[in-house]
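Taken together, the values in this text are just the output of simple stated rules run on the coordinates, not laboratory data. Only a predicted model underlies this, so the values are computations on that prediction, with no experimental measurement involved. Note that each Cβ is placed from the backbone with ideal geometry, even for glycine, and that neighbours are counted across all protein chains shown.
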Amino acid sequence: MHDERAKRCADCGFTYYANAACATAAIILNEREELLAVRRALPPAAGTLDLPGGFVNPGETAEAGIQREVREETSGECLKVDYLFSLPNMYEFSNFIVHTTDFFFRCTLRDVARLSPADDAAELLWVPVCAVCPADFGLPSIREGVNKWLKMYHSNQ
């Protein structure tokens, strides 16, 4: 059985299937209709904007993963997490391409006034929705996700 995802060991016959890893991204708005963005501290795309989020750990749900990532990067506590959509992605890490499925969630936080950057977030920024520019986000899948979310946001206004 041939599959481009399959990697077969010629010595032992073991076949490994390279499936997509799960990653998450948070859409967080404050009461002034500003989007929370983080400035990436580390490669890839260090110094560019991103959404809070990251990889889902083994044994963790996507919902638990986004709550953990938001806490790690912003010190924020998610009160509510709502699934929005997912996108396929290819994420380069240490010169290795990782195929991911990125899950985007709308997150409501307990107290946005007490947020502070941590982990791989160098800075937190509140960007008015009317000023959000997908091109400012350094990772292609996040740019695509921000663009898709903006269309959803404006269609509901």
**Fill in**
The condition from (1) among the hydrophobic types (A, V, I, L, M, F, W, C); (2) out of contact with any Gly (no Cβ under 8 Å at 6 or more places or on another chain); (3) over 15 Å from PRO44 (Cα atoms) that PHE96 misses is numbered (3)
**Prompt:** Is it the case that some residue within region 33-48 is assigned to a loop (DSSP other than H, G, I, E, B), charged (D, E, K, R) and either loosely packed, with under 12 Cβ neighbours inside 10 Å or without any contact (Cβ under 8 Å) to a residue 60 or more places away in the chain (or both)?
**Reply:** no
**Request:** Considering only region 128-157, state which residues are more than 16 Å from the chain's Cα centre (by Cα), surrounded by 15 or more Cβ atoms within 10 Å (Cβ to Cβ) and not hydroxyl-bearing (Ser, Thr, Tyr).
**Result:** VAL129, VAL132
**Prompt:** Restricting to region 68-83, what's the tally of residues that are free of Cβ contacts under 8 Å to residues at least 24 places away in the same chain and part of a helix (DSSP H, G or I)?
**Reply:** 2
**Prompt:** Limited to region 1-32, what total is found for residues that are outside any strand (DSSP E or B) and within 30 Å of the chain's Cα centre (by Cα)?
**Reply:** 9
**Asked** Among the listed residues SER141, SER86, which satisfies the condition of being closer than 29 Å to ASN19 by Cα, in contact with a strand residue (DSSP E or B) (Cβ under 7 Å, 6 or more places away or on another chain), in a strand (DSSP E or B) and among the polar types (S, T, N, Q)?
**Response** SER86
**Message:** Exactly one condition in (1) among the acidic types (Asp, Glu); (2) in contact with a strand residue (DSSP E or B) (Cβ under 8 Å, 6 or more places away or on another chain); (3) over 22 Å from ARG32 (Cβ atoms) is false for GLU73; which is it?
**Reply:** (3)
